[in-house]
Amino acid sequence: MKLISTLIAALFMTLLAVPASAALYTFDDIATNTTPDPDGYSYLAAIPNGYAGLNWTNFLVEDITVKTVGGLANGAESYNNVALNAYGTSAQSVTATTPFTLTSGYFMAAWNEGLELNIIGMLGGVEKYNATLILSTVDSYNFILNMANIDTLLFSSSGGNPVFQLTVGKGTQFGFDNLVISAVPLPAALPLFAGAMMVLGGVKARKRKA
């Protein structure tokens with residue numbers, strides 16, 4: 001009995017020690033359109049649901065090697081694509097059915113210098129994290145967020161001062177590149193832990209019966 005309990009404790013510690021699997025997502029592997037859409041935008045594409053294992057609402061990617069003006073082009077960390085909030089007006093969210101961690105990312109403002117970007121991380125509808133980033137049109141900056149064990153990200157942008165030399169766009173659009181995202185996987189030790197608990201339960205039941 002003592003041996004079984006010791007094994008279960010060891011398995012539980014293994015379960016806790018299993019690290020999340022972090023990966024870098026550059027958005028460069030998403031193919032963009034090559035002809036203008038009805039609103040006159042070109043070289044854009046929606047971030048497909050399932051990218052990085054997440055569901056993306058009102059987020060696009062833009063090929064900045066084609067559209068080279070503005071803060072998105074200035075702040076690109078890798079080529080060719082930068083992610084952005086669709087048309088700068090819609091509510092944006094990233095969700096998943098299982099928890100994940102947003103570790104870091106490069107963020108930039110498209111048109112307004114000093115743009116404020118608020119990011120809320122939630123789990124099960126409960127707010128866990130709330131961060132406000134101040135973004136630049138000159139370059140992107142790597143923000144360490146460490147929003148761990150969440151299933152929802154909410155984004156909203158506001159403020160900043162228009163950069164008048166950027167005459168091809170305006171508003172509170174923001175972009176990001178090279179996100180580090182970690183899934184929270186089902187650890188390999190979990191089935192063993194469940195099996196050990198069943199064994200322990202069986203031992204206790206036989207002992208009561210005896």
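The values are calculated or read from the model by the stated rules, or taken from the named source; none is laboratory data. Please read these numbers as outputs of a predicted model, since none were measured by experiment. Here the Cβ positions follow ideal geometry from the backbone for every residue, glycine too, while neighbour counts run over all protein chains shown.
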Subset of region 119-140 (residues that are under 16 Å from the mean Cα position of the chain (by Cα), loosely packed, with under 14 Cβ neighbours inside 10 Å and within 16 Å of Gln173 (Cα to Cα)): Thr132
By residue number, the members of region 73-106 that are touching a helix residue (DSSP H, G or I) at 6+ places or on another chain (Cβ under 8 Å) and either closer than 11 Å to Phe176 by Cα or of a type in the set (A, V, I, L, M) (or both) are Val82, Leu84, Ala96, Tyr106
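So that you can scan it fast, the table gives a plain yes or no per residue for (1) at pLDDT 95 or above; (2) assigned by TED's automatic domain parsing to the domain that holds Leu179; (3) in contact with a strand residue (DSSP E or B) (Cβ under 9 Å, 6 or more places away or on another chain); (4) loosely packed, with under 14 Cβ neighbours inside 10 Å:
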| site | (1), (2), (3), (4) |
| --- | --- |
| Asp37 | no, yes, yes, yes |
| Gly40 | no, yes, no, yes |
| Thr68 | no, yes, no, yes |
| Gly71 | no, yes, yes, no |
Sole residue being at pLDDT 90 or above, surrounded by 15 or more Cβ atoms within 10 Å (Cβ to Cβ) and part of a strand (DSSP E or B), chosen from Ala22, Ala52, Ala96: Ala96
What are the residue pairs meeting all of these: first residue in region 127-151, first residue over 10 Å from Ala109 (Cα atoms), second residue β-branched (Val, Ile, Thr) and in a loop (DSSP other than H, G, I, E, B), Cβ atoms under 8 Å, and 6 or more apart or on different chains? Asn149/Val184
Residues of region 87-118 being under 16 Å from the mean Cα position of the chain (by Cα) and closer than 16 Å to Asn55 by Cα, which ones? Ala91, Gln92, Ser93, Val94, Thr95, Ala96, Thr97, Thr98, Pro99, Phe100, Thr101, Leu102
